Amino acid sequence: MKLNGSPVTEHHFQGHHFFLKRDDLLHGHFNGNKARKFMATLEQPLKGKTRLIGWGSAQANSLTSLAALAKIKGLKLTYYVAHKPAWLDEKPMGNYRTALELGAEVISLRDMFGEKAPHPSAFIAQQHENDPECLIIPEGGHFQDAKLGISKLADEILSWSRFEKGRNIKVALPSGTGTTALYLSQQLKPQGIEVLTCPCVSGKDYLLSQFLELGETEYYPTILGLPSKHHFGKLYQEDYELWQALQEETHIEFDLLYDPMMWRCLLPWLEESIDTTILYVHQGGLLGNETMLARYRRKYGDHQAGW
């Protein structure tokens, strides 16, 4: 598998010129930031391992990537979730459906233990940590092994930037755990390229704590934010409208969970930074749009949501 060398395309959005690093095109099931984060795992021989263990949301982008990784490596994926909505089993869609098709086993701890279910990470530590046949990958690929693939992404960005002489280039991407933004910044910032991100899952303090968990204390990305709190996973009409406008102007589909917040932070920043050239990193995640769009329809109805 060739999980590098994604193209860079050129676009305009709301009067701003920008470039787009198309990591969404790396592979059908193994793309975006997860392909970069799991590249080291993909390249390892994994001798003696029979099972891949992961955890997170039943609709997380990492679920599909882990399921694809397990299939490629000939392993069984067991993926733990705190809970799983009943409707998702009745009508599987998005990342969950694709992961099941790839052979993943998705286990709800609430179904097993009820309201007093342990956190997935605690349960995995107790059940699987000492099993030599299991390889445990932290939620969202938040681990130091992610550095290898992200460093290769940084190398590609640096190679591209050398053909854009005279431009004040900044790299922009949204953050969940911030792993990709951090490791990009560590390689790009010493070369004079600032990395911009925003904390989609929680606030700035959470993102900084995630950086420290990886043992990193320098070359942090610049963290942008919104004037008011943006709740992760909550449906915002302005998010959908911006996502739709992005697609209409660029003819490219973006992730509906993370990208709208980043662009809402980025657009006012660009108004104050007129001499900046943005390279936006497309982090994939498009399978998740199926469930996000279904939620928007249920909340707003087709007419109000603009369908």
Filter segment 178-219 for residues that are buried (at least 22 other Cβ atoms within 10 Å of the Cβ) and small (Gly, Ala, Ser); the one that is farthest from Val8 (Cα to Cα) is Gly178
May I ask you to say which residue of Leu42, Leu69 is surrounded by fewer than 20 Cβ atoms within 10 Å (Cβ to Cβ), over 30 Å from Arg264 (Cα atoms) and within 21 Å of the chain's Cα centre (by Cα)? Leu42
Would it be correct to say that Ile72 is in contact with a Phe, Trp or Tyr (Cβ under 8 Å, 6 or more places away or on another chain) and at pLDDT below 95? yes
So which residues in segment 178-220 are more than 16 Å from the chain's Cα centre (by Cα) and part of a loop (DSSP other than H, G, I, E, B)? Gly192, Ile193, Gly203, Leu214, Gly215, Glu216, Thr217, Glu218, Tyr219, Tyr220
Residues in segment 234-263 that are surrounded by 18 or more Cβ atoms within 10 Å (Cβ to Cβ), more than 23 Å from Gly28 (Cα to Cα) and free of Cβ contacts under 8 Å to residues at least 60 places away in the same chain total 2
If I go through segment 264-287 residue by residue, how many of them are part of a helix (DSSP H, G or I) and either of a type in the set (A, V, I, L, M, F, W, C) or touching a residue at least 40 places away in the same chain (Cβ under 8 Å) (or both)? 7
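The values are calculated or read from the model by the stated rules, or taken from the named source; none is laboratory data. Keep in mind that what you see is a predicted model, and the values were worked out from it rather than measured. Don't worry about glycine lacking a Cβ; one is built from the backbone with ideal geometry, like all the others, and counts go over all protein chains shown.
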